[in-house]
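Structure first, commentary second.
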Amino acid sequence: MVSCTTKDWQGADVGTANLDLKVAKEETAAHVVHRALVRQLNNARQGTASSKTRAEVRGGGRKPWRQKGTGRARAGSIRSPLWRGGGVIFGPKPRSYETKMNKKERRLALTTALMSRSEDLIAVTDFSENLARPKTKELLAAIGRWGATDTDKVLLIVSERNENLYLSARNVPRLRPILAEQLNIYDILNADKIVATDAALAKIQEVYGE
């Protein structure tokens, strides 16, 4: 179980928050998390890269020059892969990179990754009332009071969509707001600091707890 201090909008300690999730065994944890991360990155690939073979390149129906007597190497088609503008040998074709993983294993990898970031987890009270209008400067100031630096990549987990929050955070590359039900392993591992509201932690415990 992980226990962390809860902070208010001003950065003052106001209580504690607990998170108790099932994690993988120590000897297999890294392998499970790695598989889940590779799966997510693979499934995000479009797989639309494509090149033309010599059968698909336009032209090349006529022999460029006669077979013998010119002093040049013999050539049968301008679509040859040896020619500039010709076909590509073993080039990429559209394909699916989808990688499958059992649902229970995916959930275990996610909870294991989240619990492993306990030292970087910051719990905060609901601050929707303090962000009454979209204001990036105020949001960044609050994140600084919570313990994140100007260079930290911050994952901000909330329980429900707040339009003012998303408008305040959308032009900050290092800040990513996300709903508790949309947690994914890449964002958890990529962030330097993870900030979660009390309600978001409760929802994570409800969804992913035993």
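The values are calculated or read from the model by the stated rules, or taken from the named source; none is laboratory data. All values derive from a computational prediction rather than experimental measurement. Neighbour counts run over all protein chains shown; Cβ positions are idealised from the backbone, glycine included. Protein only, heavy atoms only, side chains kept; ligands, DNA and RNA dropped before computing areas. Shrake-Rupley method; radii C 1.70, N 1.55, O 1.52, S 1.80 Å.
Can you tell me which residue among GLY91, GLY76, GLY86, GLY61 is surrounded by 14 or more Cβ atoms within 10 Å (Cβ to Cβ), over 25 Å from VAL158 (Cα atoms) and over 22 Å from the mean Cα position of the chain (by Cα)? Working first, answer last.
Values: GLY91 fails: surrounded by 14 or more Cβ atoms within 10 Å (Cβ to Cβ); GLY76 fails: surrounded by 14 or more Cβ atoms within 10 Å (Cβ to Cβ); GLY61 fails: surrounded by 14 or more Cβ atoms within 10 Å (Cβ to Cβ).
Result: GLY86 is the single residue among GLY91, GLY76, GLY86, GLY61 that is surrounded by 14 or more Cβ atoms within 10 Å (Cβ to Cβ), over 25 Å from VAL158 (Cα atoms) and over 22 Å from the mean Cα position of the chain (by Cα).
Which residue is nearest to ILE122 (Cα to Cα), if the candidates are limited to region 139-168 and must be in a helix (DSSP H, G or I) and in contact with a helix residue (DSSP H, G or I) (Cβ under 6 Å, 6 or more places away or on another chain)?
To start, the set of residues in region 139-168 that are in a helix (DSSP H, G or I) comprises 139-146, 163-168.
Remaining after also requiring in contact with a helix residue (DSSP H, G or I) (Cβ under 6 Å, 6 or more places away or on another chain): 139, 168.
Numbers: LEU139: 15, SER168: 20 Å.
So the residue we want is LEU139.
List every residue pair whose Cβ atoms lie under 7 Å apart, where the two residues are 6 or more positions apart in sequence or sit on different chains, the first residue falls within region 51-72 and is more than 15 Å from TRP83 (Cβ to Cβ), and the second residue, located anywhere, is part of a loop (DSSP other than H, G, I, E, B).
Hits for this filter: GLN67/ARG74.
Of the residues that sit in region 24-48 and are more than 21 Å from the chain's Cα centre (by Cα) and either at positive phi or of a type outside the set (Asp, Glu) (or both), which one is least open to solvent (accessible area, probe 1.4 Å)?
Filtering region 24-48 for residues that are more than 21 Å from the chain's Cα centre (by Cα) and either at positive phi or of a type outside the set (Asp, Glu) (or both), the one least open to solvent (accessible area, probe 1.4 Å) comes out as ALA24.
Where residues in region 153-168 are surrounded by 16 or more Cβ atoms within 10 Å (Cβ to Cβ) and more than 14 Å from ALA132 (Cα to Cα), which of them is farthest from the chain's Cα centre (by Cα)?
SER159
Filtering region 110-125 down to residues that are assigned to a helix (DSSP H, G or I) and not polar (S, T, N, Q), which residue is farthest from GLU26 (Cα to Cα)?
Across region 110-125, the extreme among qualifying residues is ASP120.
Return only the number of the condition from (1) surrounded by fewer than 16 Cβ atoms within 10 Å (Cβ to Cβ); (2) within 13 Å of the chain's Cα centre (by Cα); (3) hydrophobic (A, V, I, L, M, F, W, C) that VAL172 does not satisfy.
Status for VAL172: all satisfied but (2).
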